[in-house]
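Written out below as structure tokens is the structure these notes cover.
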Amino acid sequence: MIKRIIAIAAAALALGLTSAHAQEVKVGVALPYTGIGAEFAQLVDRGMELYLKLNPDKVKPYKLTLIRRDVKDPSGANAKIAVQELLTQDNVDVLAGWIYSPNAIASAPIVTAGKKLAVIMNAGTAHITNLSPYYVRTSISMWHAGYALGEAAAKILNAKTAVVGYTDFPPGKDSLAAFKRSFEANGGKVIDEIPMGGAGAVPDFTPFFQRAKDKKPDLFFVFVPAGDHAAAVVKTYAALGMREAGIKLIGPGDITQDTKLQAMGAAAVGLITMHHYHADLDNPENKRFVEAWKKEYGANTTPDFMAVGGYDGMAAIVHIAQALKGKIEVDAALEALKGWKFASPRGPIMIDPVTRDIVMNEYLSEAVMKDGRVFQKVIGKIDGVKDACKEQKIGPCASK
Amino acid sequence: MIFGVDFASMLLGGVAAGMVLFIVSVGLSVTMGLMGFVNLAHGGFAMLGGYAIALAMKHWGFSFVTALVFGFVLTAAVSAVLERALYARLYGADELDQVLFTIGLVFMMIASVTLLVGPENQPLTLPPFLRGQINLGIIQYRAYSVALIAIGIVIVSVLWLGFERTRLGAQIRAAVDNRRMAESLGINIARLFTITFAFGSGMAALGGGLGAEFLGLDPQYALKYLVYFLIVVAVGGLGRVSGVFWAALLIGVLDFALKKYVPQGGTAFIYALSILLLLWRPQGLFGARSA
């Protein structure tokens, strides 16, 4: 009797699984849901969810199931385990996530061995996409903003000297290299490079900033991870009187992350950033996106570039689900994504068919006060920016 | 002159950072010295206090100073309850049990705050008179750092007087030096423990609020600065207010100077230095040589 019940149950389960399989796409999400990256994980996660909620007609008839695994920290080790479990225990069809570059770097061999498409939604170290043929990136390369800003710093801001302060982990070094290369190619000079602690904890920035101030540069270029690092940077910059000393603070948009910007208040005014997204961008897709976000998650919340990385990443996954009719096979998925175009809240984007990295606009913005809030005013725009590191085959970007 | 300004800015920055370390760590040192209890949840009390202060300012419009008092009182009260209900059961237990218990408590604190308030950093807005720069004659410096140094000096003076000149202070010193003797002289050790524990946690809360400008404030605070607090206590010696004070200043200034002048390795130097120091003097730089 019991045997028969088990047999029937097993049959039913098998049936259920196969019928579900045709319609269901399992997306394995590796994000730091707890620990220092928890806030970022929430942003990317909400971005993914919001795409699914806003576009039910585009998702039909498929059902995208998110299977979440916590990667905890930027160490790489835990992310590797999480990705392996998603592949071997949860049998996911597609992988997604990655806030921190060290995690994406550590996961690369597993992704390659698992032969599943992996959509990077944040991690920005340039050469990551070279580490596995199955990585596709819908966020950024550090070179997008860093390289563009180096040129803008010399040509638009007319700066001669700069000090670079960076968080001492792969994207920080990348950002330094990108900025330095284009700034010096355009006649500027980087007079000091200051590593400012790791990504795992926010340091007290005072000693590093004091050093930068003593060097009296025209510009202080800072790359730190968005979030609490960024909030501390802006605070320290204001408290040390660097603005009064005539030193402009510039950097990729991590330092003016939308979620932190209003809390920075007047201290943020005058910051100049190069980035591919902020919530104040004026285009119809972004208006719709921001409005839907506030409706879904609260009027006091705001999406930011991380949320857009998740949103666009989910759009890419839905695109391949449709293109491959729900049966995700990695080589076909890559073919379907190469040259894929999408009207993102950040403006038009495309996946570069050669590098599997993103091609997008970069916006030069200045933080100003408008209607009692900090507003990011676009003062320059560069269309269709590719990852300069891979374009010019620099360092580790040259392989493959 | 340029060197003088450079040096002064380094000293001010380092001393201010040291003051925060002192305010948070002093409670840890005293409770450790007094009870021999390794309270790894001490950073958790600093975090809870910081949150109480930040949230009171944000949601109930408390002024910075009122919020600091509120944070102190609330955290002291909460910790007194925890001490009676939980810690007291483990005073006789193995050190491993104590460590496991307190580290578990830290995780629960982190998880509760993440759940109730959220994972994000809590901005703490300073009153206008503490923002910006202040002119000190030879240099302009961050007003808040200068204020912190002043506050730190006041606190250490009050604590020192309290320790050296009051009956309660004498009882605590007696219990640190020889607990059994103190007990047989009729000092109510259990009551003393609760009072010092609550006071130490209250100080941690104060440090959490005062230090938020430099160290930020998020649920992970409870763990991420614990190493620094423990280094200060280890270097300063257990149960010594003045020891902790000098150790905190030393570490604050050294850490600041190394980060400023040798940023390439500055963040690691402080750990290497602590190891060397403890190899040389296991009882701490300012600790009494134990029998």
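The values are calculated or read from the model by the stated rules, or taken from the named source; none is laboratory data. Not measured: the values here are computed from a predicted model. With ideal geometry, Cβ positions are generated from the backbone for all residues, glycine too; neighbour counts draw on all protein chains shown. Surface accessibility is based on the protein's heavy atoms, side chains included, excluding ligands, DNA and RNA. Shrake-Rupley method; radii C 1.70, N 1.55, O 1.52, S 1.80 Å.
Of note:
- Within 10 Å of each Cβ in A:191-203, the average number of Cβ atoms from other chains: 4
- Averaged over residues, the count of other Cβ atoms within 10 Å places the peptides B:77-84, A:150-157, A:51-58 in the sequence A:150-157, B:77-84, A:51-58, highest first.
- The local environment of A:Ala267, defined by Cβ-Cβ distances under 10 Å, has a net charge of +3 under the rule Lys, Arg +1 and Asp, Glu -1.
- When the helices of the protein assembly as shown are scored as -39500 (n - 2.57) per DSSP H run of n ≥ 4 and the total is divided over every residue, the value at 222 nm lands at -18500 deg cm²/dmol.
- For chain A, the longest principal axis of the C-alpha atoms and the axis of helix A:284-297 are separated by about 70°.
- Carbon and sulfur %, accessible surface of chain A computed with the full protein complex present, 1.4 Å: 57 percent
- For chain A, a crude dipole built from +1 on the beta carbon of Lys and Arg and -1 on the beta carbon of Asp and Glu, taken about the Cα centre, is about 480 debye to the nearest 20.
- The protein assembly as shown, accessible area per residue, ligands and nucleic acids excluded (1.4 Å, Å²): 40 Å²
- For the range A:375-385, the Karplus equation 6.51 cos²θ - 1.76 cosθ + 1.60, evaluated at θ = phi - 60°, returns couplings of 10, 9, 8, 6, 10, x, 8, 10, 7, x, 7 Hz by residue, with Gly and Pro reported as x.
- Entries in A:Lys260/A:Lys295; A:Lys155/A:Lys248; A:Lys295/A:Lys370; A:Lys341/A:Lys386; A:Lys58/A:Lys260; A:Lys58/A:Lys381 that, when Cα-Cα distance is taken, lie over 21 Å: A:Lys295/A:Lys370; A:Lys58/A:Lys260; A:Lys58/A:Lys381
- Amide H partners (placed H, <5 Å) of A:Val385, local residues excluded: A:Met360, A:Asn361, A:Glu362
- Partners of A:Lys393 within straight-line reach, counting lysines whose Cα lies under 22 Å from its Cα and excluding those fewer than 8 residues away in the same chain: A:Lys173, A:Lys180, A:Lys338.
- Per-residue surface analysis assigns B:Ser242 an accessible area of about 60 Å², computed on protein heavy atoms at 1.4 Å probe radius.
- Peptide A:227-239 shows a mean partner chain C-beta count of 4 within 10 Å per residue C-beta.
- Computed on the range A:242-346, with alpha-carbon pairs under 8 angstrom and 6+ residues apart, the relative contact order is 27 percent.
- Per-residue SASA entry for B:Leu223, accessible area with 1.4 Å probe, Å² rounded to 10: 50 Å²
- The phi-based Karplus calculation (6.51 cos²θ - 1.76 cosθ + 1.60; θ = phi - 60°) puts the 3J(HN,Hα) values of the range A:37-54 at x, 4, 5, 5, 4, 4, 5, 5, 4, 5, x, 5, 4, 5, 4, 5, 6, 7 Hz, whole numbers, x for Gly and Pro.
- Nearest-ten-degree value, helix B:143-165 long axis tilted from longest Cα axis of chain B: 30 degrees
- Relative contact order for chain A, counting Cα pairs under 8 Å that sit 6 or more residues apart, in percent: 17 percent
- Within the protein assembly as shown, percent of DSSP bridges classed antiparallel, to nearest 5: 40 percent
- Folded to 0 to 90 degrees: helix B:64-85 orientation relative to chain B principal axis, Cα: 20 degrees
- All aspartates and glutamates inside 13 Å of A:Lys80 as judged from Cα atoms, apart from same-chain residues fewer than 8 positions distant: A:Asp70
- Relative protection proxy for B:89-95, B:66-72, B:49-55, from highest mean packing down: B:49-55, B:66-72, B:89-95 (other beta-carbon atoms within 10 angstrom).
- Applying both filters, DSSP loop and at most 15 other Cβ atoms within 10 Å, to the GluC sites (Glu not before Pro) of the range A:237-314 gives A:Glu244.
- Within 10 Å of the Cβ of each residue in B:138-149, the mean number of Cβ atoms contributed by other protein chains is 2.
- Each of B:Asn135, B:Val154, B:Ala170 was scored by the projection of its Cα onto the charge dipole of the range B:82-177, and the greatest displacement toward the positive side belongs to B:Asn135; charges sit on the C-beta of Lys, Arg, Asp and Glu.
- Subtracting the Cα-Cα distance of A:Glu193 and A:Val269 from 0.36 nm times their residue separation leaves 24.9 nm of extension gain.
- Solvent-accessible surface ranking, highest first, for A:Leu219, B:Leu11 at 1.4 angstrom: B:Leu11, A:Leu219
- Among residues other than A:Asp204 with Cβ under 14 Å from its Cβ, the summed charge is +3 (Lys and Arg +1, Asp and Glu -1).
- Efficiency of FRET from Cβ geometry, B:Val73 and B:Arg180, R₀ 45 Å, rounded to 0.05: 0.85
- Dipole magnitude for the range B:146-291: computed about the Cα centre from +1 point charges on Lys and Arg Cβ and -1 point charges on Asp and Glu Cβ, it is near 360 debye.
- Spin-label pair B:Val158/B:Lys58, simplified geometry with 7 Å Cα→Cβ offset, distance in nm: 2.6 nm
- Amide proton proximity set for A:Ala201, modelled H, under 5 Å, gap of 5+: none
- Relative contact order of chain B, defined on C-alpha pairs under 8 angstrom at six or more residues apart (%): 38 percent
- Cut-off under 5 Å, modelled amide H: who pairs with A:Lys63 long-range: A:Glu24, A:Val25
- In the protein assembly as shown, a dipole from Cβ-located charges (positive for Lys and Arg, negative for Asp and Glu) runs towards its positive end, and of B:Phe256, B:Gly49, B:Gly33 it is B:Gly33 whose Cα lies farthest in that direction.
- Take A:318-328, A:192-202 and order them by the average number of nearby Cβ atoms within 10 Å per residue, most first; the result is A:192-202, A:318-328.
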